[in-house]
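Right, one structure below, let's go through it.
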Amino acid sequence: MATSLDSLPLLRNGEEYLSQSRKTLIGTKGEKLLDVAMAPEIHIQMSLPINKKAGFSLLQDLSIDEIIDIYVEAGRIFTQDMLINNISTSLYDFAELITRSTGMPISYVNNALNMIPHVFKKRELKRILKANSPTGSLDIYDNNFGVRGNTRFGWSPRGRNVGVALPGNHPGVSLMGALMPLFKMPAILRASSNEPFTSFRICKSLWEAGLPPESLFHFVTDHSVVDTIVRKSDLGVIFGSEWILKAYEHNENIKTYGPGKSKVLIDIENMSPALQELSQEIAYRSISLDGGRGCINASGIIYNGEDGYEEFRDNLAQKLASAEPLDPMNPRAEIPAMNLDAARGLYKFIKSRMNDKITNITAKFRDSENFLVIKDDLAYLMPTLLEMEEENTMRNDEYPFAFGTITQPNDYYPEELLENSLSVGYLTDHPNKAKKLLRNPTIQKVFVNDQTFLMDIAAPHEGFNAEFLYRSKATNYDGVNNFLKSNN
């Protein structure tokens, strides 16, 4: 490895801290990468009042322009060599650690890391804040009031801090936690033990840029401590499985992000020849970009119509099957690598879900029904397209690789098969038809004639950040005069 860093500390109270409890992080090839400091629950309990009191006051006392300037400087620091445990580490060192830990191809990791300083540009930060503002203005973050329809209203935080439990599926997700102080909301970030690197580097960059350290903590913990972070913070954000969603579904102070179950609808009967030519590429990218690791990667294709179905299905499967398993450190790698045992376990589970009514379309282009490949001590779940009927329970399955199903509606309207999707790409030359999807409360993102794998930090991701962090309330500014007028 390029870096000599042997341990990753916690970030608390303005300092790096190497706790006695540490976890050895093992790479996908079984090699030791480094030790990660683990925070016991007492660290969380001690940090919560600091984050809620000093962190909240210090952020609220900063102007929004001052906070923006801190983030701009952090974006510059993020790309520079950084001292950690008095050891200089480059951004590439971190990219290599992420790839060796998660198996995500190095080119995808570099793209994600390079996106962060772009987001931390002044123009981009202002765009994010204005998009989240109920008035479209930055003033409301400092004044805590605005005017809409000639009505004055107050706009205030729903709590004094937020605890965020980050996932490890994609480095870019760390931005959702690290941007909380941009909205003047202190945060305690709990990073995934498999990918603590991106969020650590962002937090340390923000500290060095002048963000009050009381307003941002960075911990790695055992799973048993996650509940403490999200429940005992005033507000909580957590990513996870369907079971995680059920555990917190009745708590309005905790926002959950679960499986995306994103889909593409091919409205073949209402498509021009030009759009038909593009539709296969849009479906392919939606499934395969970043190795299929994102919640907004498509996991289902709905093909509405008879014309050209088999050709579309086979061409898509052939393109997916053409990917080559390469070491994730290879710049040409497209498929995430996995630990052997984890890959075998997931492969066995997926195969157990398949029945005789499911056809592996990619199999005929690989001359094998097997989509698990083991090469040079690494395992790869190869891009896979399964054909099935609309009522098959596997149609909504989602896995951390380029996996997709394809279905032709028969007994259901195609729009019904899109329900409970995070992101939908609707490919049609009748965009007004997409209005039905915009009205559907179970669909979070609707993209007409575009891929599902679109991520704009300023756009709503299951709602705007500020809709969760702030609330509107009634207020006035001329109470005495109003009272006197009412008595005359």
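Each reported figure results from applying straightforward, stated rules to the coordinates on display, with no laboratory input. Remember, it's a predicted structure, so these values are computed and weren't measured experimentally. Cβ sites come from the backbone with ideal geometry, for glycine too, and all protein chains shown count toward neighbours.
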Overall form of the chain per C-alpha gyration tensor (a/c, 1.5; a/b vs b/c): oblate
Partner aspartates and glutamates for Lys232 [C-alpha distance under 13 Å; skip if fewer than 8 residues away on the same chain]: Glu41
Length released on extending from Met115 to Leu245, taking residue separation times 0.36 nm less the Cα-Cα span: 43.9 nm
Glu41/Asp456 FRET efficiency (R0 30 Å; Cβ-Cβ; nearest 0.05): 0.25
Leu18/Glu369 FRET efficiency (R0 35 Å; Cβ-Cβ; nearest 0.05): 0.10
Additional length obtainable on full extension of the chain from Ser88 to Asn315, 0.36 nm per residue less Cα span: 76.9 nm
Extension gain, Ile358 back to Ser156 (0.36 nm per residue minus Cα-Cα distance, nm): 67.5 nm
Most to least packed among 54-62, 17-25, 395-403 [average Cβ atoms within 10 Å]: 395-403, 54-62, 17-25
Region 170-211-region 405-440 distance, computed between alpha-carbon centres (Å): 35
Phi-based couplings in Hz for region 20-37 (Karplus 6.51, -1.76, 1.60; Gly and Pro marked x): 5, 7, 9, 10, 7, 8, 9, x, 5, 8, x, 8, 6, 9, 5, 9, 10, 5
Trypsin sites (Lys or Arg not before Pro) lying in DSSP loop within region 326-385, provided at most 11 other Cβ fall within 10 Å: Arg332, Lys357
Label-point separation in nm, Ser63 to Asn270, each point 7 Å along Cα→Cβ: 5.0
Anchor Lys126: lysines whose Cα lies under 26 Å away (excluding residues fewer than 8 positions away in-chain): Lys52, Lys184, Lys204, Lys255, Lys445, Lys473
Vicinal HN-Hα couplings computed from phi for region 270-281 (Karplus, 6.51 cos²θ - 1.76 cosθ + 1.60; Hz; Gly/Pro x): 10, 10, 6, x, 5, 5, 4, 5, 7, 4, 5, 5
Residue order, fewest to most beta carbons within 10 Å, for Ile254, Ile358: Ile358, Ile254
Sequence-distant residues sharing a close amide H with Ile84 (under 5 Å, placed H): Thr89
Amide H contacts under 5 Å for Phe145, placed H, 5+ residues apart: Trp155
In Hz, Karplus ³J(HN,Hα) per residue of region 332-348 (6.51, -1.76, 1.60; θ = phi - 60°; x = Gly, Pro): 8, 5, 10, 10, x, 9, 9, 4, 4, 5, 5, 5, 4, x, 5, 4, 4
Rounded to 5, percent antiparallel among DSSP beta bridges of region 262-448: 25
Overall form of region 67-143 per C-alpha gyration tensor (a/c, 1.5; a/b vs b/c): prolate
Region 253-312: GluC sites (Glu not before Pro) in DSSP loop, at most 15 other beta carbons within 10 Å: Glu306
Residues with amide H under 5 Å from that of Asn253, placed H, sequence gap 5 or more: none
Unit charges on C-beta of K, R, D, E only; dipole of the chain, Debye: 1620
